[in-house]
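The values are calculated or read from the model by the stated rules, or taken from the named source; none is laboratory data. Quick caveat: nothing in here was measured; it's all calculated off a predicted structure. All Cβ positions, glycine included, derive from the backbone under ideal geometry; neighbour counts span all protein chains shown. Heavy atoms of the whole protein, side chains included, go into the accessibility calculation; ligands, DNA and RNA do not. Shrake-Rupley method; radii C 1.70, N 1.55, O 1.52, S 1.80 Å.
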Amino acid sequence: MKLALEQARAAADRGEVPVGAVIVAPDGQVVAADGNRTRELNDPTAHAEILALRAACAQVKSERLPDHDLYVTLEPCAMCAAALAAARIRRVYYGASDPKSGGVAHGARVFSHPQTHHRPEVYDGIAADEAAALLKQFFAAQRS
């Protein structure tokens with residue numbers, strides 16, 4: 001999660017919402033890491049999780065990552081959760097919960113939906129205070 005938090009800070013430095021994601025292979029090696037880039041790329045799908053998924057899939061030359069784990073600083077939204085299910089990610093570890101836009105424990109609850117193709121193991125609250133603080137600081141600065 002430490003690397004995901006670093007990616008979130010880098011995203012904030014770029015003026016992006018501070019969310020970072022890291023994908024780890026079964027041997028513990030990081031295969032992809034990124035932060036939000038929606039503004040930079042003018043792409044509403046350029047969430048940290050999606051960018052990390054794209055990079056990891058390219059790295060392993062497969063559209064599926066069944067033995068890989070994702071660490072992300074914020075609860076994935078419904079779009080990202082659906083992409084993680086499609087990629088067959090093994091485990092999702094996330095920091096701060098997102099009652100407004102989350103798609104795992106809140107909102108659409110993608111992994112709990114009867115039509116989902118894959119349900120990764122989910123572990124929440126990992127470095128949640130630090131992840132939430134980054135978001136609060138970012139949005140407070142936006143308002144001032």
Quiz item: Any idea how far apart Asp129 and Thr116 come out in nm if each label point goes 7 Å out from Cα toward Cβ?
Solution: 2.9
Practice problem: Starting with the highest mean, order 63-72, 15-24 by the number of other Cβ atoms within 10 Å, averaged over the residues of each peptide. | Solution: 15-24, 63-72
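Roughly how many debye, to the nearest 20, is the charge dipole of the chain about its Cα centre, given +1 on each Lys and Arg Cβ, -1 on each Asp and Glu Cβ, and no other charges? Walk me through the numbers before you get to the answer.
On the way: 16 positive and 17 negative charges, 52 e Å.
Dipole size: approximately 260 debye.
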Practice problem: Rounded to the nearest 10 degrees, what's the angle between the helix 128-143 long axis and the longest principal axis of the chain, both from Cα atoms, 0 to 90? | Solution: 50
Quiz item: How many percent of the accessible area of the chain is carbon or sulfur, using a 1.4 Å probe?
Solution: 51
Quiz prompt | Bins of 5 Å, starting at 0 and running to the largest distance - Cα pair percent for segment 5-105 | solution = 3, 15, 27, 27, 19, 9, 2
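Run lengths n ≥ 4 of DSSP H only: what is the helix-derived mean residue ellipticity at 222 nm for the chain, with -39500 (n - 2.57) per run over all residues, to the nearest 500? Working shown, then result.
Details: 5 runs with 54 residues, N = 144.
So the helix-based figure for the chain works out to -11500 deg cm²/dmol.
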Practice problem: With no solvent and one equal point scatterer per Cα, compute the Debye intensity ratio I(q)/I(0) for segment 61-144 at 0.25 Å⁻¹ and report its log10, rounded to two decimals. | Solution: -1.16
